[in-house]
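**Student:** Would you mind keeping the following structure in view while I ask a few things?
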Amino acid sequence: MTAADRSSATTAAAHEAPLVALRDVHLRFGANEVLKGIDLVVRRGEAVSIIGPSGSGKSTILRCITGLLRPQRGAIRVGDTQVDALRSEAELIALRKRVGFVFQQYNLFPHLTVLENLVIAPTRVAGRDRAAAQREARALLDKVRLSHKEAAYPGELSGGQQQRVAIARALAMRPELMLFDEVTSALDPETVGEVLTVIRDLVQEGLTCVLVTHEMRFAEEISDQVYFTEAGVIVEHGPAPRIFGQPESERTRAFLRRALGEGARTAPARPAPIPEALPFERLRFAL
């Protein structure tokens, strides 16, 4: 899908109901208020990046979308599913069949081959024919450039290769939405690019994606919308060219200067001094 095609698809999607919608979502763990009224919208075919300091609630937002965490207040919808109203395990499983989630850790089954890691969920959870599941798994391995590793075990792969297998495994369930939670954070610098290339290809194909990432240049390149979070709130959001080129918030500018380097391409600072970072606590729950 070309950039023009993606732009046209995004424009058309703007007139449809969003695939994901969070409204005034609040979540706390004891005295720690992790999310403080999150509003977030993802339309079909969009790539949305959530950026911000560590501990700002980015990963928690993804977990709320899939029902892994239940907010105390607010509404979450994925398609026609009211996520915050789900109660039974069967309802949550049905949701997660539609939403692929790739974590920082690879979470592959170490005793299964690469191919079997991709086949197990479609056959056991979705009830698909094994031969058909294997054919689709091989096609996905080819997509992530690992067709030559189908008989290998996870322990025989590099970190970047394992993460690409994890992406293929999530795709094997044919999700309508993919969530990526800092999928390059545990990788050696040499293997980051191969994982980002796979995600870039998925975005260009029009798969709806939400990414939590510290890869700022990558987020600028592939995102339709960007949300900057800090201390559990959305400080600013908008199209990627504006957020990275002319952010309105002083806090966004300060963050991007640190993340991209002092010479980063951002709008000139206003005469008022840039305030210090909003206080936040590094919450282990938010990672």
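Just so it is clear, none of the values below were taken in a lab; they were calculated from the coordinates. Since the structure is predicted, the reported quantities are computational estimates derived from the model, not experimental observations. Ideal geometry is used to build each Cβ from the backbone, glycine not excepted, and the neighbour counts take in all protein chains shown.
**Student:** As a check on your grasp of the helix formula, calculate [θ] at 222 nm for the chain: sum -39500 (n - 2.57) over DSSP H runs of n ≥ 4, divide by the residue count, round to the nearest 500.
**Tutor:** Counting only the DSSP helices, I get -11000 deg cm²/dmol.
**Student:** Between the stretch 88-117 and the stretch 185-213, what is the separation of their alpha carbon centroids in Å?
**Tutor:** 18 Å
**Student:** Any idea which of Leu62, Ala172, Ala137 is furthest toward the positive side of the dipole for the stretch 60-174, if Lys and Arg beta-carbons carry +1 and Asp and Glu beta-carbons -1?
**Tutor:** So the residue furthest toward the plus end is Leu62.
**Student:** In the Gaussian network model of the chain, springs joining C-alpha atoms below 10 Å, which of Ala94, Ala240, Ala137 carries the largest mean-square fluctuation?
**Tutor:** Residue with maximal mean-square fluctuation among Ala94, Ala240, Ala137: Ala94.
**Student:** In nm, to one decimal, how far is the Tyr153 label point from the His26 one, both placed 7 Å along Cα→Cβ?
**Tutor:** Calculated label separation equals 5.0 nm.
**Student:** Subtracting the Cα-Cα distance from 0.36 nm times the residue separation, let me have the gained length for Asp39 to Asp129 in nm, one decimal.
**Tutor:** Stretched fully, the Asp39-Asp129 segment lengthens by 28.4 nm.
**Student:** Where does each of Tyr227, Tyr106 land when they are ranked from fewest to most other beta-carbon atoms within 10 angstrom?
**Tutor:** Tyr106, Tyr227
**Student:** Once Lys and Arg get +1 and Asp and Glu get -1 on their Cβ, which of Leu207, Ala240, Leu187 lies farthest toward the positive end of the dipole of the chain?
**Tutor:** Value: Leu207.
**Student:** Using the Kirkwood radius built from alpha carbon pairs, what does the Stokes-Einstein equation give as D for the stretch 109-164 at 20 °C and 1.002 mPa s, in µm² per second?
**Tutor:** 190 µm²/s
**Student:** Dipole magnitude of the chain about its Cα centre, charges +1 at Lys/Arg Cβ and -1 at Asp/Glu Cβ only, in debye to the nearest 20?
**Tutor:** 460 debye
**Student:** Normalising by the residue count of the chain, find the relative contact order in percent from Cα pairs under 8 Å and 6+ residues apart.
**Tutor:** Reported relative contact order: 25 percent.
**Student:** Counting only DSSP beta bridges with both residues in the chain, what percent are antiparallel, rounded to the nearest 5?
**Tutor:** 55 percent
**Student:** I would also like to ask the following. Calculate, in whole percent, how much of the Cα-Cα pair population of the stretch 137-226 lies beyond 20 Å.
**Tutor:** 31 percent
**Student:** Excluding residues fewer than 8 places away in the same chain, name every one of the lysines whose C-alpha is closer than 20 Å to that of Lys58.
**Tutor:** Lys36
**Student:** Another question about this same structure. Computed on alpha carbon atoms, what radius of gyration and Dmax characterise the chain, expressed in Å?
**Tutor:** For the chain, the Cα radius of gyration and maximum Cα-Cα distance read 19.2, 65 Å.
**Student:** Counting only C-alpha contacts under 8 Å and six or more residues apart, can you give the relative contact order of the stretch 1-151 as a whole percent?
**Tutor:** 17 percent
**Student:** Mind checking the dipole of the stretch 148-250: about its Cα centre, +1 per Lys or Arg Cβ, -1 per Asp or Glu Cβ, Debye to the nearest 20?
**Tutor:** Rounded to the nearest 20 debye, it is 360 debye.
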